[in-house]
Amino acid sequence: NGDITNGAIVIAGAISKKIPGGKQLVDKISSIVDKKKKVRTSKVGDKVRVPSPSNIKDFVTLPRNQGYKNKYTGEIWKKSNTNHSGSVGGEWKVGLGKGKIPTKSNKITVSGTGIILKINK
């Protein structure tokens with residue numbers, strides 16, 4: 001039907017860099033990932049749902065700039081101040097346990113497109 005995501009596995013970051021309007025496509029791809037998939041039990045390279053305009057209803061905004069809490073998994077997400085991977089949409093840091101805030105040494109780094117980049121334990 002001409003939909004680039006129909007019947008294909010896509011690399012969201014590459015699409016968003018090369019296709020006009022790609023950012024909206026990345027949000028679309030992120031919104032179809034299982035909302036109950038836990039970051040803390042996933043592996044590097046897995047795709048997870050990130051806080052984005054298309055699925056913000058699945059996250060609760062925490063007070064005092066502490067980030068977002070996933071309503072289904074209890075995981076705490078904070079927007080990263082760095083973007084070492086050059087990921088579209090930056091990077092996110094996720095705490096290692098339910099309700100745990102990510103720290104410098106205990107965190108999972110997720111790309112802005114929802115791909116798990118690194119696990120620090």
* Which residues, counting only those in the range 37-57, are within 12 Å of the chain's Cα centre (by Cα) and of a type in the set (D, E, K, R)? -> LYS37, LYS38, ASP46, LYS47, ARG49
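Have a look at GLY74, GLY13 and point out the one that is at pLDDT below 95 and not basic (Lys, Arg).
Details: GLY74 fails: at pLDDT below 95.
Going through GLY74, GLY13 in turn, the sole match is GLY13.
The values are calculated or read from the model by the stated rules, or taken from the named source; none is laboratory data. Keep in mind that this is a model prediction, so the values were computed, not measured.
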